[in-house]
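So the structure is just underneath, and the comments pick up after that.
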Amino acid sequence: GPEQLARACKLRGIPLVTFSSDLVFDGRLGRSYVEPDTPAPACEYGRSKAEAEERLMQIDADALIVRTSAFFGPWDRQNFLFNTVEQLRRGKDVFASARTIVSPTYVPDLVHATLDLLLDEERGIWHLTNQGAVSWHELARAVAARARLACGKIIAPEVDEPSDTSLTSNRGLLLRPLARALE
């Protein structure tokens, strides 16, 4: 599907923007990933995204590919933050890794920055996430605190492999800090 869309856009001179994922990386680098870092996916989803990026750039070198991570928004009920708040309100445990580091992204910020890049005729790969990297456990605690819910039911699994797929950009930090986006 994305390849057909890329070919149609290229043929008609229509700018193409598509979204990819932090999961094109395996999380073993030891720092946040920047755009030039070579993809090394550790899961099938990441492999499919890395392959799509490569194929799309072969079809249209002017395409804009936005890598993002752990997105959340005010209308989305299918994300980690919403589920954390709902589970805590019901008095249920929330299991959240203290060793898996991500760069959460507030969808309205992502949309605005992507549109700005598109209007500015940017191309290539951009990392767009809110500034900051946190573990899923830290993120759960942050959203619980903002929702004025007790954090005692947020549990870090005892067996937990370290991974850091956080993203930053050497092209430009366009989204506001994570703490402000969570507010």
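The values are calculated or read from the model by the stated rules, or taken from the named source; none is laboratory data. Bear in mind the structure is a predicted one, so any value in this text is a computation, not a measurement. So basically every Cβ, Gly included, is an ideal-geometry build from the backbone, and we count neighbours across all protein chains shown. Quick note on the areas: whole protein, heavy atoms, side chains included, nothing else; ligands and nucleic acids left out. Shrake-Rupley method; radii C 1.70, N 1.55, O 1.52, S 1.80 Å.
With T100, T168 as the choices, which residue is more than 30 Å from D62 (Cβ to Cβ) and among the β-branched types (V, I, T)?
Within the list T100, T168, the selection yields T100.
Limited to segment 137-169, what total is found for residues that are of a type in the set (S, T, N, Q) and more than 16 Å from the chain's Cα centre (by Cα)?
Qualifying residue count, segment 137-169: 0.
Can you find, within segment 151-183, the residue that is nearest to L23 (Cα to Cα) among those that are open to solvent by less than 90 Å² (accessible area, probe 1.4 Å) and among the acidic types (D, E)?
The qualifying residue nearest to L23 (Cα to Cα) is D164.
Under 9 Å between Cβ atoms, at least 6 apart or on separate chains: pull out the pairs that start in segment 32-60 with a residue that is under 22 Å from T168 (Cβ atoms) and open to solvent by 90 Å² or more (accessible area, probe 1.4 Å) and end on any residue that is of a type in the set (F, W, Y) and not in a strand (DSSP E or B).
From residues that are under 22 Å from T168 (Cβ atoms) and open to solvent by 90 Å² or more (accessible area, probe 1.4 Å), the pairs are T38/F25.
If I ask for residues that are surrounded by 14 or more Cβ atoms within 10 Å (Cβ to Cβ) and in a helix (DSSP H, G or I), which ones from segment 1-17 would you list?
Listed by number, the residues that qualify are P2, L5, A6, R7, C9, K10.
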